[in-house]
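The values are calculated or read from the model by the stated rules, or taken from the named source; none is laboratory data. Being a predicted model, the structure only gives us computed values, none of them experimental. The area values use the complete protein model at the heavy-atom level, side chains included, leaving out ligands, DNA and RNA. Shrake-Rupley method; radii C 1.70, N 1.55, O 1.52, S 1.80 Å.
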Amino acid sequence: MLRSFLVGALALALAAGPGFAQERQPPAAQMESLVGLAVYSSDGQRLGEIKQVGMSGTQPAVRADIGGFRDVAPSAVVIPINMIVQKPDRIELSMTAAEVKDTLNKQKP
């Protein structure tokens, strides 16, 4: 259960990653259209899918089911909206798949 609530830990790790994804962020009013979009790493690896949109504290965020790649067990993670870039057919993180795997592995209880 702790693993499914990586809100702060993943957000901090993403913030420390290589740059913030600041271009083409969806306005909060359009966030519902993100549900169902695939989540990809910056190096093109499919990581999972957006399942829900909402808030993490006072910041807009998405909940994604991530896992099933590079031996990463499926996990629900919350990603602040300012850490993603919306492409026409997907969401892209500013981290590589290896960086995401490393971040999730560091969060194991």
(request) Consider residue 63 carefully, then state whether it is open to solvent by 60 Å² or more (accessible area, probe 1.4 Å) and modelled with pLDDT of 85 or more. (result) yes
(request) Go through (1) assigned to a loop (DSSP other than H, G, I, E, B); (2) modelled with pLDDT of 85 or more and name the single condition residue 18 misses. (result) (2)
